[in-house]
Amino acid sequence: MAELKWGIMATGGIAQTFTKDLLTNPASRDVHDVKHKLVAVASSSSKDSATRFLSEVNAPDSVKTYGSYAELVADPDVEIVYVATPHSHHFQNTMLALEAGKHVLCEKAFTVTAAQARKLVDVAQAKKLFLMEAVWTRYFPLSIKIRELVQSGLVGPVYRVVADNSFGQDGPNGSLTFPDEHRMVNRELAGGALLDLGIYSLTWVFQILYHCQPEAVKEKPNTVAAMNKYTTGADEMTNIIVQFPKHKSMGIAMTGMRLPTDVDGQNTAGPAIKIQGPLGEIQVMGPAFKPLSYRVILKEKPGKMEVVDCPIPKDQDRDWGHGMFWEADECFKCIRNGKLESATLPWSESVTIMEVMDEALKQGGIEYPELITTDVYDPNSPLNTGRR
Ligand SMILES: NC(=O)C1=CN([C@@H]2O[C@H](COP(=O)(O)OP(=O)(O)OC[C@H]3O[C@@H](n4cnc5c(N)ncnc54)[C@H](OP(=O)(O)O)[C@@H]3O)[C@@H](O)[C@H]2O)C=CC1
Ligand SMILES: O=C1OC[C@@H](O)[C@H](O)[C@H]1O
């Protein structure tokens, strides 16, 4: 495969960030066997919005623009669709693309329910299409290194992971600074701390305590959760204990939108993630979604701390580099090698994480509307047609 031809579904904030990464030169991150090509972008609002998007990301004029998602997935030049819509839309939009025979990279959180995630996986499997949840942090060299360190036994068996991914959006009179319509708090868009931010805390818990378990002894966790509800009905703070009893391990995944993880905003108040074993601790500095350094503290070397910086490489010609290109590179390599799923975030793991989130939402009494929780595909759903 010479190049992977991308279609971008939606023109919002993360679609722009991701597309700018896609347009960087892989050599700027020392990757030499991957080539991405942006072939089309679609907006459900208007073709003009897609055209504006191209100039915002500084893309070539040759890229096609569409005023609907249906046209994007019907384009024979598009091989893979990046779904960059709100959580509420992921199931229907991903189905739309899979049903049209496209591979899909779908933003996090994968879906609103585990049943939806299972359905997507079944369809991808049946149609022999690549499908991946876009948890970009998993593909950072930093994450790869930390998984290696854990598997090397550096800190011994990891019995506890504590992870936080929280924003400080406290507003006056009990409010949050997000308007009620904003996707972070809007129930119609499956807003809430857990699906948007808590997914990263769970990512850290899972990539250490679950992903690193040998296949033969893979254990699904028990879940205990507490949630504070915001006035919109979405969760504003959620804490989850994820228990793996056979491994004697627990993860504590925290998230919230009132208090930040890092109280001084400088990443000096303490780590966002602690990975603890009897021989020591690996600390990852936040934010949990885009960590740039970690430190290792070993019991046998008291008072000594190894600090490792992992900056995100920049394409100097485009003056850009955010770190989302590594997940795009993973899509290229999997598709080139005929793989339908990524070994770094297998389908079963995305589904298991969605099951934990289902359970936490149930225990916290958070409910989302039928339109966005149904697992019945409807190509004419307003989530696909953009009728708002
Ligand atoms: N990996 C990461 O670092 C990040 C991931 N995300 C994830 O990306 C997704 C999108 O987030 P973000 O880009 O910040 O969101 P934005 O609100 O900025 O953009 C969402 C886009 O989705 C499309 N859309 C379709 N229907 C609706 C609707 N009813 N309401 C609002 N938008 C709609 C719109 O594009 P159009 O009109 O062109 O169709 C809109 O621009 C979420 O799943 C989020 O969790 C977000 C931020 C960071
Ligand atoms: O995925 C995300 O990471 C960065 C945050 O700013 C954003 O809210 C979230 O969606």
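The values are calculated or read from the model by the stated rules, or taken from the named source; none is laboratory data. Just so we're clear, the structure is a prediction, and the values are computed from it rather than from any experiment. Note: ideal-geometry Cβ built from the backbone for every residue, glycine included; neighbour counts use all protein chains shown. These accessible areas exclude ligands, DNA and RNA; they are computed on the full protein's heavy atoms, side chains included. Shrake-Rupley method; radii C 1.70, N 1.55, O 1.52, S 1.80 Å.
Residue count for region 54-72 satisfying the condition of being outside any helix (DSSP H, G or I), free of Cβ contacts under 8 Å to residues at least 40 places away in the same chain and crowded, with 16+ Cβ neighbours inside 10 Å: 5. Screening E327 against (1) in a loop (DSSP other than H, G, I, E, B); (2) touching a strand residue (DSSP E or B) at 6+ places or on another chain (Cβ under 9 Å) leaves a single unmet condition, (1). For P278, indicate whether it is closer than 15 Å to V161 by Cβ, in contact with a Pro (Cβ under 8 Å, 6 or more places away or on another chain) and of a type outside the set (K, R). The answer is yes for P278. When you scan region 80-100, do you find a residue that is touching a helix residue (DSSP H, G or I) at 6+ places or on another chain (Cβ under 9 Å), open to solvent by less than 40 Å² (accessible area, probe 1.4 Å) and away from ligand 1 (no atom under 16 Å from the Cβ), even just one? Yes, region 80-100 has at least one match. Any residue that is of a type in the set (G, A, S) and open to solvent by less than 70 Å² (accessible area, probe 1.4 Å) - is there at least one of those in region 202-223? Taking every residue of region 202-223 in turn, none turns out to be of a type in the set (G, A, S) and open to solvent by less than 70 Å² (accessible area, probe 1.4 Å).
Checking region 22-41 against the condition returns no match, with no residue being without any contact (Cβ under 8 Å) to a residue 24 or more places away in the chain and under 21 Å from N384 (Cα atoms).
Name the single residue that is surrounded by the fewest Cβ atoms within 10 Å (Cβ to Cβ) among those in region 171-200 being away from ligand 2 (no atom under 16 Å from the Cβ) and not polar (S, T, N, Q). Looking at residues that are away from ligand 2 (no atom under 16 Å from the Cβ) and not polar (S, T, N, Q), I get P172. Scanning region 179-195 for residues that are in contact with a helix residue (DSSP H, G or I) (Cβ under 7 Å, 6 or more places away or on another chain) and basic (K, R) gives a single hit, R183. Of the residues making up region 207-234, those that are within 16 Å of ligand 2 (Cβ to nearest atom) and within 28 Å of R147 (Cβ to Cβ) number 1. Here E133 passes the criteria (1) part of a helix (DSSP H, G or I); (2) within 16 Å of ligand 2 (Cβ to nearest atom); (3) within 24 Å of R118 (Cβ to Cβ) except the one numbered (1).
One residue stands out in region 23-53 among those that are assigned to a helix (DSSP H, G or I) and open to solvent by less than 10 Å² (accessible area, probe 1.4 Å): the one that is farthest from P311 (Cα to Cα), namely A50. Scanning region 131-149 for any residue that is among the polar types (S, T, N, Q) and open to solvent by 10 Å² or more (accessible area, probe 1.4 Å) turns up nothing.
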